[in-house]
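Heads up: the structure comes next, in structure tokens.
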Amino acid sequence: MRKLAIGAAMSGALALTGLAAPAALADSPDLTFGAVTVNNGKPIVVGTKAKVTVPVTYSVTRPSDLAIDYKNNFLGIALYRGTLAEPTNAIEGSPRKPTCTTTATTDTTVTESCSTKLTIDPREHLFEGADATTWKAAALYGETAIDEDDSDDHISFHIGSDIWGNLGAAKLQRLAKATVNATPEPVVKGRTLTVKGKLTRADWNTGSYAGYKGQKATLQFKAKGATAYTDVKTVTSGTAGALSTTVKASKDGSYRYKFAGTSTTAAVTSAADFVDVK
């Protein structure tokens with residue numbers, strides 16, 4: 001398990017924008033946020049290698065005299081689990097300038113609706129099964145003031161940040177995989193078919209896929225020429241996620257396994273295996 005502060009999690013984004021990793025601001029900016037929506041409110045499904053990039057939307061109200069230019073200051077979105085002061089894990093959003101539209105103004109404030117992206121790299125951000133849970137969203141503001149004119153034998157670097165937490169939620173799920181194989185092929189009508197398969201899911205501890213034991217999967221069949229699958233029977237995955245059952249061969253058609261998913265693991269349906277019945 002890797003434990004870190006959100007301030008550390010945003011350091012990479014700040015570096016890309018020319019800002020140093022921040023300390024505490026003497027005076028916090030007067031920013032307020034609407035709800036942060038990640039991936040349009042849908043679960044984020046992550047495997048073991050491929051990066052997953054999802055949309056993020058939020059609204060922010062700032063003082064009208066505070067310009068966020070992504071050169072001298074920065075505003076980003078992050079996900080974290082645990083507490084804001086001491087997260088168990090955190091994922092920073094894109095350091096690029098978001099797309100924002102002004103939705104309201106007053107004499108002293110500007111309200112904007114913004115959209116950006118958040119990329120999850122399982123090899124960098126996810127380390128254990130506990131990461132498959134509901135994460136909280138945070139907004140991070142950082143600023144810097146640098147004076148490198150040493151003509152008076154003095155230079156200065158002033159940096160700082162503010163973080164607002166619990167602004168929204170995003171569920172992360174493990175990517176699942178399923179296979180199917182019916183034997184023998186071809187098969188004589190009325191004979192027994194053995195339909196095997198395997199149910200696995202992403203293991204972020206090892207960076208590989210591990211068998212998902214004790215889960216219900218539905219064997220489905222679609223007759224040749226039909227347009228839809230019908231349920232045949234329910235099978236429980238065994239050691240290493242193994243699936244196995246038998247059926248009587250009656251007509252040409254395709255078999256597949258369908259897994260409905262759990263709170264931590266996404267649903268999946270295997271590819272189809274067509275069986276020729278003689």
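Output the number of residues of segment 131-142 satisfying the condition of being buried (at least 21 other Cβ atoms within 10 Å of the Cβ) and touching a residue at least 60 places away in the same chain (Cβ under 8 Å).
Pass one, segment 131-142, residues buried (at least 21 other Cβ atoms within 10 Å of the Cβ): 131-132, 135, 137-142.
Restricting the remaining residues to those that are touching a residue at least 60 places away in the same chain (Cβ under 8 Å) gives 131-132, 137-142.
Of the residues in segment 131-142, 8 are buried (at least 21 other Cβ atoms within 10 Å of the Cβ) and touching a residue at least 60 places away in the same chain (Cβ under 8 Å).
For segment 160-178, give me each residue that is of a type in the set (D, E, K, R) and either more than 22 Å from K71 (Cβ to Cβ) or buried (at least 19 other Cβ atoms within 10 Å of the Cβ) (or both).
K171, R174, K177
Any idea which of Y212, Y257 is farther than 30 Å from R81 by Cβ and of a type in the set (F, W, Y)? Before the answer, list the steps.
On the way: Y212 fails: farther than 30 Å from R81 by Cβ.
Only one candidate passes the filter, namely Y257.
Scanning segment 1-58 for residues that are of a type in the set (K, R) and at pLDDT 50 or above, which turns out farthest from the chain's Cα centre (by Cα)? Don't jump to the end; show me each part of the working.
Residues of segment 1-58 of a type in the set (K, R): 2-3, 42, 49, 51.
Imposing the further condition that a residue be at pLDDT 50 or above reduces the set to 42, 49, 51.
Details: K42: 9, K49: 13, K51: 9 Å.
Among those that are of a type in the set (K, R) and at pLDDT 50 or above, it is K49.
Residues that are without any contact (Cβ under 8 Å) to a residue 60 or more places away in the chain and farther than 25 Å from E128 by Cα, at least 1 per element: which strands (runs of 3 or more DSSP E) completely within segment 199-270 meet that? If you could, list the steps in order and put the result at the bottom.
On the way: elements: 208-211, 216-223, 230-236, 242-248, 253-259.
Here the list reads 216-223, 230-236, 242-248, 253-259.
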Open item on the list: Checking F157 against (1) surrounded by 17 or more Cβ atoms within 10 Å (Cβ to Cβ); (2) under 20 Å from P29 (Cα atoms); (3) of a type in the set (F, W, Y): exactly one of these is not met. Which one?
Closed with: (1)
Open item on the list: Suppose we filter segment 120-152 for residues that are part of a strand (DSSP E or B) and in contact with a helix residue (DSSP H, G or I) (Cβ under 9 Å, 6 or more places away or on another chain); how many remain?
Closed with: 4
Open item on the list: Checking the condition over 23 Å from V46 (Cβ atoms) and either over 13 Å from the mean Cα position of the chain (by Cα) or at pLDDT below 95 (or both), which residue from T88, T105 passes?
Closed with: T105
Task: Only listed residue being of a type in the set (A, V, I, L, M, F, W, C) and under 30 Å from Y141 (Cα atoms), chosen from A169, A242, A217 - done: A169
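The values are calculated or read from the model by the stated rules, or taken from the named source; none is laboratory data. For clarity, every value in this text was computed on a predicted model and none was experimentally measured. Using ideal geometry, Cβ is built from the backbone for each residue, glycine included, and neighbour counts are taken over all protein chains shown.
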